[in-house]
Amino acid sequence: MSTKSALQIARATYQPKLPNALLHGAVKAVEGKATESVADQADIKKLFPNTYGMPIITFEASEKHANQAINVGVILSGGQAPGGHNVISGLFDGLKSLNENNKLYGFLSGPGGLVDHKYIELTVNIIDEYRNTGGFDIIGSGRTKLEETAQFDKGVEICNKLGIKAVVIIGGDDSNTNACVLAEYYLQKQTGIQVIGCPKTIDGDLKNEVIETSFGFDTACKVYSEVIGNIMRDANSAKKYWHFIKLMGRSASHIGLECALQTQPNVTIISEEVEAKKQTLSEVVNGVADVVAARAANGDNFGVVLIPEGLVEFIPEVKILISELNDLLSHETDVQKALKGLTAPSAAVYASLPDAIAKQLTLDRDPHGNVQVSLIETEKLLIEMVGKELKRRKDAGAYKGKFSGLAHFFGYEGRCAAPSNFDADYCYSLGVNAAQLIGAGKTGYMSSIRNTTAAAAEWIAGGVPVTMMMNMEKRHGQMKPVIQKALVRLDGAPFKKLAANREEWAKTTAYVYPGPIQYFGPTEVCDQPTKTLLLEQEGK
């Protein structure tokens, strides 16, 4: 047993706040209108005949009544996100409020634990060790995809053995898609096993009109913003370095945008904007170089640039280059021969890349022969290319400043932080709410807590059919039903806030230093949600 820090000991006593509807352990489910998927309605309905069109559920407080004892299984799926332990503790407490004899089993190391029959019973002693802590180490996580009927049937075996009548899957868009497929299959086979999902991802791309935010996003962005603020203060003190900071978020730039709104850096690159404007790599580089040069003209040879992890995949010409390389390298092991097969535009892009990055594109491939985009050090790529552009300008007499770039990547640092008060409350509510969805006999639903910019007591608890969030997308050459990812909307209030201020933030040193997450103190300091959430909900 590891020794606990003073913060962890104090934090263990924190009692997360709940929506009024969930406070006393008894609810009434109020059904809304029938729903339909966000797109491809006919295809989704055909694939999910038993779970399509279900209504949104809203819970209201009710009189307590006797509930039959049941056993429930819980799975943590995918990458870690702050607050997962609170979802499980909320689920545990919620089940016990329904019936003291209810039991909760945790499947170990993700969905694979369900298939391989690896589990533990989660008792009060175990749960109490993990309340309000970061990480997924209570039962571990994994990335096994539940896609095959043989896997589903193995799940039925262990559920029947343990008397489990419901499974809660805590994960991102793919994990909740799998949860919906599982719910449909178990209904079709009349197994009597319910499946409920919970929205998790620090990337912030699992959200829509009814899922306001995914858990962990608040905490992760606050962790990154603290460190960005520290770096900004260092830059403003030393006044001689440009810090290029890459942030988590391969599929969407929500983290970069939120951290920009919290800290006000000189440059924030948003992948979705780059793609929409069809910007070339050269245009991205020149955009950064312009800001560096303008600040140098004011005597400021320092600054901060925020870069989303997935940037290179959003630059159209680089995306084409990667696609061509994937195709060529899949059937040609000789790299030099493969490179000769590039089209002229892609060959020109490849030639413009620094040697180290070019090598990453050809040498670091996954087992399928594809370029491992996540390994591309975009921050170093931009430092080198911006440096070359500034040297060209200096040689032409158009730039007289000094440029020294430092590279950073903030990723894993934010995934297992102790959850902020917002995430601690939100996640605990999601867990208690999931227990109520099970008690109400629901399946194929995602636990939903809405109105999250209000005080926790005013949050709206209920459930959303997962099919409502789905569309058809091509995956590995086949059309598959998946939850639609939420990208940064360029017409949305958070991006508009950045766009309205970026010119001023570029020229001036308008840095904000958020400091560390505050767990104890006034509400206006400790319980604030993200700026993204506040701006998105402001107009609703």
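Only the coordinates and a few stated rules stand behind these numbers; no lab work does. On a predicted model such as this, the values are computed, not experimentally measured, just so you know. Methodologically, a virtual Cβ is constructed for each residue, glycine included, from the backbone with ideal geometry; neighbour enumeration extends over all protein chains shown.
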* Asked: Among the listed pairs 207/442; 64/103; 319/402; 380/400, which are separated by more than 25 Å between their Cα atoms?
  -> 319/402
* Which net charge results for the neighbourhood of residue 58, defined as the other residues with beta-carbon distances under 15 angstrom from its beta-carbon, given Lys and Arg at +1 and Asp and Glu at -1? -> -1
* **Neighbour net charge for residue 388 - beta-carbon separation under 11 angstrom, K R +1, D E -1** => +1
* Asked: In which sequence would 159, 198 go, from the one with the fewest C-beta neighbours within 10 Å to the one with the most?
  -> 159, 198
* Name the aspartates and glutamates eligible as straight-distance cross-link partners of residue 240: C-alpha to C-alpha under 12 Å, and not fewer than 8 places from it in the same chain. => 300
* **the chain: relative contact order in percent, alpha carbon pairs under 8 Å with at least 6 residues between** => 24 percent
* Does the range 194-310 come out rounded, prolate or oblate, given a ≥ b ≥ c as the square roots of the eigenvalues of its C-alpha gyration tensor, rounded meaning a/c under 1.5 and, failing that, prolate meaning a/b above b/c? -> oblate
* Asked: Over what distance in Å are the Cα centres of the range 1-34 and the range 295-320 separated?
  -> 40 Å
* **Order of 412, 119 under a 10 Å beta carbon neighbour criterion, fewest first** => 412, 119
* For the range 138-155 and the range 162-192, compute the distance between their C-alpha centroids and round to whole Å. => 10 Å
* Read phi for every residue in the range 104-113 and hand back ³J(HN,Hα) as whole Hz from Karplus 6.51 cos²θ - 1.76 cosθ + 1.60, θ = phi - 60°, with x for Gly and Pro. => 10, 10, x, 7, 7, 6, x, x, x, x
* Can you tell me which of 425-431, 108-114, 439-445, 45-51 comes out highest on packing, and rank the rest after it, using the mean Cβ neighbours within 10 Å? => 425-431, 108-114, 439-445, 45-51
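If you take every residue apart from residue 40 with its C-beta less than 15 Å away from the C-beta of residue 40, what net charge results, scoring Lys and Arg +1 and Asp and Glu -1?
Here the count lands on +3.
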* Ranked list, fewest to most other Cβ atoms within 10 Å of each Cβ, for 70, 483 -> 70, 483
* To do: Please list 71-78, 85-92 highest first by mean number of surrounding beta-carbon atoms within 10 Å per residue.
  => 85-92, 71-78
